[in-house]
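*Asks:* Sending over a structure as C-alpha cells; questions will come in a sec.
Every read-out reported here was derived from the displayed coordinates using simple, explicitly stated rules and does not represent laboratory data. On a predicted model such as this, the values are computed, not experimentally measured, just so you know. Here Cβ is always computed from backbone atoms with ideal geometry, including for glycine, and neighbour counts include all displayed protein chains.
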Amino acid sequence: MEKSIKEIIAEGGVICELCGQRMLKADGCTCSEIKSNGKIYKRIKFGEDPLDIDERCHDCHTSIGHYHHINCDAETCPVCGEQLISCDCDIEFIENK
Ligand SMILES: [Zn+2]
Ligand SMILES: [Zn+2]
Ligand SMILES: [Zn+2]
C-alpha cells in the first residue's frame, strides 16, 4: 500500500538514494561529486547560488552549506549551470562510502 504524505513526513521524509538518509532529518547529502564524460565535478552546495535565500532547500530540505539530495529541483548542474534534473548532461553521482 502507498504511504500517505503525512506518514512519510512523520518518518523524517523520503530516503535519499545517494546517502540513505531521511531528507527531512539529514543536514544534507553526503555525496559531493558527480562524473560527466569521464570528468569529476564538485556538486554545487545549497547556498552557493545567490538565489538560495532560504535556510533549507524548498525541495530536498538540505540546509545551507550542504549538498542537495537526489532528484532535487533546486540543484544546479556544475557542468552546464542549468537545473540539474532537467539538463541534458550525462551525469553519474559518485557515492563516497
Ligand atoms: Zn542524500
Ligand atoms: Zn535541494
Ligand atoms: Zn548539465
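*Asks:* Listed residues 38, 28; which is closer than 21 Å to residue 76 by Cα and without any contact (Cβ under 8 Å) to a residue 12 or more places away in the chain?
*Replies:* On the way: 28 fails: without any contact (Cβ under 8 Å) to a residue 12 or more places away in the chain.
Being closer than 21 Å to residue 76 by Cα and without any contact (Cβ under 8 Å) to a residue 12 or more places away in the chain holds for just one of 38, 28, which is 38.
*Asks:* For residue 47, are the conditions met, namely being of a type outside the set (Asp, Glu), more than 16 Å from ligand 2 (Cβ to nearest atom) and at positive phi?
*Replies:* Values: of a type outside the set (Asp, Glu): yes; more than 16 Å from ligand 2 (Cβ to nearest atom): no; at positive phi: yes.
Spelling it out, it is not the case that residue 47 is of a type outside the set (Asp, Glu), more than 16 Å from ligand 2 (Cβ to nearest atom) and at positive phi.
*Asks:* So, in region 42-55, of the ones that are out of contact with any Leu (no Cβ under 9 Å at 6 or more places or on another chain) and of a type in the set (D, E, K, R), which residue ends up surrounded by the most Cβ atoms within 10 Å (Cβ to Cβ)? I'd like the intermediate steps shown before the answer.
*Replies:* Here is the first cut: in region 42-55, the ones out of contact with any Leu (no Cβ under 9 Å at 6 or more places or on another chain) are 42, 45-55.
Next cut, of a type in the set (D, E, K, R) only: 42, 45, 48-49, 52, 54-55.
Numbers: 42: 11, 45: 20, 48: 13, 49: 13, 52: 18, 54: 12, 55: 9.
Among those that are out of contact with any Leu (no Cβ under 9 Å at 6 or more places or on another chain) and of a type in the set (D, E, K, R), it is 45.
*Asks:* Taking residue 42 as the residue in question, decide whether it is within 16 Å of ligand 3 (Cβ to nearest atom) and of a type outside the set (Asp, Glu). Reasoning before the result, please.
*Replies:* Details: within 16 Å of ligand 3 (Cβ to nearest atom): yes; of a type outside the set (Asp, Glu): yes.
Yes, satisfied.
*Asks:* Which residues, taken from region 19-65, are near ligand 1 (Cβ under 9 Å from one of its atoms) and in contact with an Asp or Glu (Cβ under 6 Å, 6 or more places away or on another chain)? Break it down stepwise before answering.
*Replies:* If we filter region 19-65 for residues that are near ligand 1 (Cβ under 9 Å from one of its atoms), which is where we start, we get 19-21, 23, 26, 28-31, 60, 62.
If the condition is that a residue be near ligand 1 (Cβ under 9 Å from one of its atoms) and in contact with an Asp or Glu (Cβ under 6 Å, 6 or more places away or on another chain), then 31 is the only one that fits.
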